[in-house]
Structures are given as structure tokens and as C-alpha cells.
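Read through the structure below, which is laid out as C-alpha cells, and then see the notes.
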Amino acid sequence: TMPRVILDLKPNDDTTIYLSYAEGRLPGLFNPSLIGLNESQLDEIRAQTGGADVEVDEEVAENLEFGIKKTILDGRGFVSAAIYSTDLTNVHIPSVATYTVDGVPTLTGNVTSQGGDAELSGLEVEGTVLMNENLTLGFTYAINDSELGSNFRSGDAGDLLGDATLSVGNEFSRFPKNSGSLSLDYAKEIDAEKTRFARMDYIYTGKMYASNAMLAHTGSGAKINLRTGIETDKYRLEAFCTNCFNDNQPKGLQA
């Protein structure tokens with residue numbers, strides 16, 4: 001059961017204010033590599049991962065969001081903004097552990113433990129403005145924060161720092177806290193059949209950590225894309241440049 005409740009208020013024709021509450025669930029799963037192990041072996045795994053359950057219960061998310069959508073500048077622009085807060089409980093945490101068989105350490109393979117908790121929160125803004133009959137400005141900005149809770153045991157922190165609980169208070173990996181974009185879109189008719197167009201995109205991505213241990217990150221980066229050309233109903237001629245100033249930030253990183 002995943003309930004969702006949305007309340008809308010329209011104080012005027014140009015504005016919508018909303019409040020929403022929703023729950024989501026990540027299905028439960030099994031740890032087949034733990035089947036058949038004795039209690040002593042399970043205790044070894046439990047000490048490393050915080051759990052050694054064959055059956056893993058659902059992960060649950062509870063989300064509360066408040067936002068506004070508004071037409072501005074006599075209809076020439078639109079902006080929306082939203083703040084949200086999400087509580088995650090019984091977070092699924094993948095890891096690898098060892099157990100002893102006749103005195104020999106043996107790898108379990110992938111084991112998913114449960115019972116972690118975390119909080120997500122953020123602000124997201126986007127909009128467009130028609131500057132004149134030929135030029136349109138678009139923009140986005142987001143702050144997406146996260147914090148691993150007191151019950152969170154990270155395999156990354158266990159491997160890299162020697163203690164899986166040292167990730168508590170850290171951020172989730174592979175997602176930037178700050179990001180945004182700015183675009184300019186130009187279009188002008190040359191004659192009844194041809195249109196000249198051009199577009200510039202500036203895309204900013206904040207640093208992203210490689211793991212929940214927060215020992216390595218990508219640094220921040222900004223990419224600029226350019227394109228221009230002519231189009232008709234029958235053809236389109238375009239020249240473009242992607243990452244024109246050689247942004248070297250990796251857009252994905254995982255330990």
C-alpha cells in the first residue's frame with residue numbers, strides 16, 4: 001500500500017500552491033548466500049554488516065513536499081519551486097562479509113542488511129522567461145541534501161575506515177548537493193520557409209562523493225554546449241559543440 005495525498009490551492013489564475021504527502025516502498029528481498037549457515041557463522045556476518053537475515057523487509061520512504069507554480073510577467077514567464085523532506089527507514093545496505101568454514105575465512109558474496117535510516121531534504125527551482133519574441137531564457141537550480149542516520153552501517157566505511165558506523169552523519173554517494181543550469185534559446189524567421197536558431201546551455205554539477213565514507217569526490221564542474229543552424233519543413237542544418245571548454249569532472253564515480 002502506497003498512499004498519496006495532494007492538496008491544491010489556486011489563489012488566482014496565475015498561481016497554484018500545493019502540499020503533498022506520499023509513501024513509497026522498495027520491495028523486500030532474500031539473501032540466498034546465507035541459507036544453510038549455522039548461528040556462529042551468521043553472528044560473524046552480523047558483526048560485520050549489522051544484519052544477517054535471509055529475508056529482508058521492505059524499505060520505506062515517507063515524503064512531504066510543498067511547492068508553488070506561478071505564471072509571471074503577464075504570461076511571458078513561468079516559475080516553480082518546491083521544498084521536500086523524505087524519511088527513509090529500513091534502508092537496504094549491500095555489502096560483502098566473511099565467515100569461517102573449518103577455520104578458513106570464506107566470502108559470502110553479496111549480502112543486503114536492513115534497518116538503516118536516512119533523511120533527504122532539498123529545494124528545487126525551475127522556470128522559463130520569454131525575453132523577447134526571439135529569445136527565451138530557461139533556468140534550474142537544486143539543493144539536494146542527505147544525512148545517514150544513527151542506524152546506518154555502510155560497507156564502504158567498513159572497508160575503507162575499519163568501522164561501518166563511521167558513515168553516520170555523512171551524505172549518500174554519487175549525487176551532487178548543488179546543481180543547476182542556464183539556457184538561452186534563440187529563433188528567428190529568415191523568410192516564410194526558413195528559421196535561424198541558436199542555443200547555449202550552461203550546466204553546473206556540484207561535487208559527488210565516491211562512497212558513503214566520503215573520502216574521495218569528483219570536484220565540481222561546469223559544462224557549456226552550443227548549437228546553431230537553419231531549419232525548414234524539409235531539412236535542418238546544424239553545427240554544434242558539446243562540452244566546448246573541456247569540463248573534466250567525472251559525472252559518475254563509485255568506490
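Annotations for the structure displayed:
- Most mobile listed residue (P176, P32, P11) in the chain, GNM with C-alpha springs under 10 Å: P11
- The local environment of V96, defined by Cβ-Cβ distances under 12 Å, has a net charge of -2 under the rule Lys, Arg +1 and Asp, Glu -1.
- When the helices of the chain are scored as -39500 (n - 2.57) per DSSP H run of n ≥ 4 and the total is divided over every residue, the value at 222 nm lands at -2000 deg cm²/dmol.
- Apportionment of accessible area to carbon and sulfur, the chain, percent (1.4 Å): 55 percent
- Integer Hz, Karplus 6.51/-1.76/1.60 couplings in order for segment 235-243, x for Gly and Pro: 8, 9, 10, 9, 10, 9, 9, 10, 6
- For the chain, the square roots a ≥ b ≥ c of the C-alpha gyration tensor eigenvalues yield an a/c of 1.5 or more together with a/b exceeding b/c, which makes the shape prolate.
- Prolate/oblate/rounded call for segment 9-80, Cα gyration tensor, a/c under 1.5 rounded: prolate
- For the chain, modelled as a GNM whose springs connect Cα atoms under 10 angstrom apart, the maximal fluctuation among L88, L34, L120 occurs at L34.
- In segment 1-47, taking the dipole from charged Cβ atoms about the Cα centre, the farthest positive-side position among L37, T16, A47 is held by T16.
- The value of relative contact order for the chain, using C-alpha pairs under 8 Å at least six residues apart, is 12 percent.
- Across segment 129-136, coupling constants 3J(HN,Hα) worked out from phi with the 6.51/-1.76/1.60 Karplus curve, θ = phi - 60°, read 9, 7, 5, 7, 5, 10, 10, 10 Hz, and Gly and Pro carry x.
- Cα gyration tensor category, rounded, prolate or oblate, for segment 104-255 with a/c compared to 1.5: prolate
- Per-residue SASA entry for M131, accessible area with 1.4 Å probe, Å² rounded to 10: 100 Å²
- Around L253: net Lys/Arg minus Asp/Glu count, Cβ-Cβ under 14 Å: +1
- Using the Cβ-Cβ distance between N134 and N246 with R0 = 30 Å, the FRET efficiency computed as 1/(1 + (r/R0)^6) comes to roughly 0.50.
- Net length available on complete extension from E189 to D87 is 31.6 nm, with 0.36 nm assigned per residue and the Cα-Cα distance removed.
- Under a 5 Å amide H cut-off, with hydrogens placed 1.01 Å from N, L215 pairs with A210 among residues at least 5 apart or on other chains.
- Sequence-ordered 3J(HN,Hα) estimates for segment 32-40 from the Karplus curve with 6.51, -1.76 and 1.60 and θ = phi - 60° stand at x, 5, 8, 5, x, 7, 7, 5, 5 Hz, glycine and proline given as x.
- Spin-label model, S220 to T15: label points 7 Å out along the Cα-to-beta-carbon direction sit 3.2 nm apart.
- Between segment 16-93 and segment 175-222, the Cα center-to-center distance that results, in Å: 27 Å
- Heavy-atom accessible surface of segment 103-255, averaged per residue, reaches 59 Å², computed with a 1.4 Å probe.
- Charge tally in the Cβ shell below 9 Å around K188, where Lys, Arg are +1 and Asp, Glu are -1, K188 excluded: -1
- Calculated FRET value between D43 and M200, using beta carbons and R₀ = 35 Å, to 0.05: 0.05
- Largest first, the extents of the alpha carbon coordinates of segment 53-148 on the three principal axes equal 78, 27, 19 Å.
The values are calculated or read from the model by the stated rules, or taken from the named source; none is laboratory data. Bear in mind that the values here come from a model prediction, so they are computed numbers and not experimental data. No Cβ is skipped: glycine too gets one built from the backbone with ideal geometry, and neighbour counts run over all protein chains shown. We work out accessible area using only protein heavy atoms, side chains counted, and drop any ligands, DNA or RNA first. Shrake-Rupley method; radii C 1.70, N 1.55, O 1.52, S 1.80 Å.
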